[in-house]
Amino acid sequence: IHEELRQKEKLAIIGQMAAGIGHEIRNPLSSLRGFTQLQQERYPNTNDFYPIMIQEIDRINSIVNDLMYIGKPRVIKFEKASMEEIIAYTLSITQQQAERQGVTVETIMAGPLPPLDCDEKQLKQVFINLIKNAIEAMPEGGSIEIRVKVLEKHKMSVSIQDEGGGIADQNILNLGEPFFTTKKDGTGLGLMVSNQIIKDHNGVLKIESEIGKGTGVNVTLPLSQKNSRNN
Ligand code: ADP
Ligand code: MG
């Protein structure tokens, strides 16, 4: 319990710092990205560094976003959004990394999907985190399957299945712990933040993994937030 308290205090302090600094970092970062992109368009074929620079800027941005989410009181604004669009956006962000690693992504959407009440920006952050994890689990390439469907009782389910190495038993309990990572340049923030965002949407995030076979992450979200406690 002592350890738990310490952890909470640590997170609160990190959260406060991150919220302050993150805000200051994001604006210069976005102008840096804009100018890099401009430069890339101006001099196509001259140098391969621009895509890498843009990708690294995006990486800083997503770390800052994850950090900003910790410990700070969250205001969620539910608005109708399309899951097709959220997934399409997510894939556009992760596409380069997937291609570089020889990872293909197949998306299976069951029928026309109804819009759902959500904070679109935050759900994008969740799916970017989950798809990045799936890609990173397959350094030698492989395929990712994303399935989206509507469940009975007005819920939507999104599942992301990879063919990576899976998660070792001794690590399962640590998943979602802040800063728990098995990657040499991981932050260990992605799952924690994703789980929190899904909870804030009155949804559930579940992970099922089999060593040597792959990992599946399932997110279930209510279509409507009208009757939920967050509204
Ligand atoms: P990070 O990606 O920065 O390590 P995350 O919170 O996203 O932080 O993930 C924490 C840890 O959970 C990862 O380091 C990895 O060990 C494990 N993990 C998450 N997703 C997967 C996956 N799809 N396949 C295998 N391991 C995973
Ligand atoms: Mg991650």
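With the alpha-carbon atoms of the chain aligned to their principal axes, the span from lowest to highest coordinate is 53, 44, 39 Å, starting with the largest.
Taking all pairs of distinct Cα atoms, average 1/r, flip it, and tell me the Kirkwood hydrodynamic radius of the range 1-102 in Å to one decimal place. By the Kirkwood definition, the hydrodynamic radius is 16.4 Å. Short-range pairs are left out: with C-alpha atoms under 8 Å and at least six residues apart, the relative contact order of the range 116-231 is 31 percent.
A compact globular protein would have a Cα radius of gyration near 2.2 N^0.38 Å; the ratio found for the range 128-189 is 1.30. Thinking of the range 74-159 as a set of Cα atoms, what percent of all their pairs are more than 16 Å apart? The calculated P(r) of the range 74-159 puts 54 percent of pairs beyond 16 Å.
Suppose only helical runs count, i.e. DSSP H with n ≥ 4. What mean residue ellipticity at 222 nm does that imply for the chain under -39500 (n - 2.57) per run, divided by all residues and rounded to the nearest 500 deg cm²/dmol? Numbers along the way, then the final one.
Values: 6 runs with 112 residues, N = 231.
Rounded to the nearest 500, it is -16500 deg cm²/dmol.
Which entries in 153/183; 10/199; 77/153; 124/226; 124/183 show an alpha-carbon gap greater than 32 Å?
Details: 153/183 38 Å; 10/199 21 Å; 77/153 23 Å; 124/226 21 Å; 124/183 22 Å.
With Cα atoms farther than 32 Å apart: 153/183.
In percent, how large is the relative contact order of the range 95-163, given Cα pairs closer than 8 Å and 6 or more residues apart? Reported relative contact order: 40 percent.
Can you compute the FRET efficiency between residue 56 and residue 2 using 1/(1 + (r/R0)^6), with r the Cβ-Cβ distance and R0 = 35 Å? Round to the nearest 0.05. Let's see the in-between values first.
Numbers: r = 39 Å, r/R0 = 1.11.
Step by step, r from the Cβ atoms, then E = 0.35.
The value of relative contact order for the chain, using C-alpha pairs under 8 Å at least six residues apart, is 17 percent.
Largest mean-square fluctuation among 34, 165, 176, in a Gaussian network model of the chain whose springs join Cα atoms under 10 Å apart, belongs to 34. One chain, two ends: residue 100 and residue 49. Fully extended at 0.36 nm per residue, the span grows by 16.9 nm beyond their Cα-Cα distance.
Between residue 13 and residue 107, residue separation times 0.36 nm minus the direct Cα-Cα distance comes to 29.9 nm.
We did not get these values from a lab; they are worked out from the coordinates using the rules stated. Since this is a predicted model, take the numbers as computed values, not measurements. So basically every Cβ, Gly included, is an ideal-geometry build from the backbone, and we count neighbours across all protein chains shown.
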